[in-house]
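Okay, structure first, notes after.
Only the coordinates and a few stated rules stand behind these numbers; no lab work does. For clarity, every value in this text was computed on a predicted model and none was experimentally measured. Heads up, the Cβs are rebuilt from the backbone with ideal geometry, glycines too, and the neighbour counts pull from every protein chain shown.
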Amino acid sequence: MEKETVLKIEHMNIVFTQYDRGMHQTELPVIRNLDVEVRRGEVVAVVGSSGSGKSLLAHGVMGVLPYNARMGGDIQYLGEKLTKERIEKLRGKEIVMVPQSISSLNPLMKIGPQIRKGKKDPASQEKLKAIFRRYDLEEKTEELYPFELSGGMNRRVLISTAVMEEPRLVIADEPTPGLDKKTAKRAMEHFRNLADMGAAVLVITHDLELALETVDRIAVFYGGTTIEEARAEDFQREENLRHPYTKALWRAMPRHGFQYIEGSQPYVKNLPKGCIFSPRCSQCQEACRGEIPYREVRGGKVEIR
Ligand code: SF4
């Protein structure tokens, strides 16, 4: 039986308005026509290079985009439109974000009250103890400040804060940079564990190899959009993958020989016509300069001619 869809994003667009030196207004389309879906009990990773704007996807869903950003498209949560009013009600409760930076922890507040959000009732105290046990944090952590913990411990505190309200949707924005391989792997396992307990988890990351160890599906982010959505098991063989860029990512993985991908991602202000991968694609033909559909191919979705 197909699992319940918790988050469905269709045709998401995020545009920034900027002013140049002559005070001319310019528009920067950082995310375009992005689709992604996460079901109950599933971990989906949106994988793209660092600094490519993929974190804005998380901020867009959470309704916390910067003031000069405008978002379009459709976001559905449990089958209903996720309106501004709805996300304001659900944010931090049913829908939580594990932020990229541990600087989002309050440096002047002890860990316990931060995670309990100030609640002191016995049920909250007990819940915190159980969460600490789950994430291998000693009870005394409650009385410590963030600066007294290691980077890995602070990451576990961020996850603890997110799960205190038993969320149905968890969005993790680059949860592993700066962590050694073992700690990063453990952080990903915590997200797997949340999904196994029934949450839908969306992880935004640059680390394809790490993601493949724990996630169910991968959405490949390139040039501001998702160009392929594939099952994690499709990455076992290059032939299973559909888009030439996804295949190039596969070949660039250390275990497949670290093969360099020629060229660089297009800047959002100067996107090529038609297929955005065309300047780097050895199979590019005239038809690739036209409109490229996003369609189902062999159980995955791909933006391909
Ligand atoms: S649409 Fe054309 S240019 Fe784009 S990936 Fe496919 S073959 Fe290459």
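Structure above, values below:
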{"quantity": "Lys/Arg +1, Asp/Glu -1 at C-beta; the chain dipole; positive extreme among Ile204, Cys275, Ala123", "calculated": "Ala123"}
{"quantity": "Pair Gln125, Leu271: separation of 7 Å Cα→Cβ label points (nm)", "calculated": "5.5"}
{"quantity": "Segment Asp196-Glu4, extension gain: residue separation times 0.36 nm, minus the distance between their alpha carbons", "calculated": "67.7 nm"}
{"quantity": "Rounded to the nearest 20 debye, dipole of segment 205-305 from Cβ charges on Lys, Arg, Asp, Glu", "calculated": "340"}
{"quantity": "Distance-filtered residues of segment 256-282 - backbone nitrogen under 18 Å, label point 7 angstrom along Val297 Cα→Cβ", "calculated": "274-282"}
{"quantity": "Square roots of five times the Cα gyration tensor eigenvalues for the chain, Å", "calculated": "35, 22, 19"}
{"quantity": "Residue-span extension gain [Lys84 to Glu233] - 0.36 nm each, minus C-alpha spacing", "calculated": "50.0 nm"}
{"quantity": "Inter-probe distance in nm under a simple model that places probes 7 Å from Cα toward Cβ, at Glu27 and Lys117", "calculated": "3.6"}
{"quantity": "Residue-averaged 222 nm ellipticity for the chain, from DSSP H runs of 4+ at -39500 (n - 2.57), nearest 500", "calculated": "-7500 deg cm²/dmol"}
{"quantity": "Additional length obtainable on full extension of the chain from Met71 to Arg255, 0.36 nm per residue less Cα span", "calculated": "62.4 nm"}
{"quantity": "Förster radius 22 Å - calculated FRET efficiency between Glu209 and Ser150 (Cβ-Cβ, nearest 0.05)", "calculated": "0.40"}
{"quantity": "Of Pro113, Val96, His190, farthest towards positive along the dipole that unit charges on Lys, Arg, Asp, Glu beta carbons give segment 61-207", "calculated": "Pro113"}
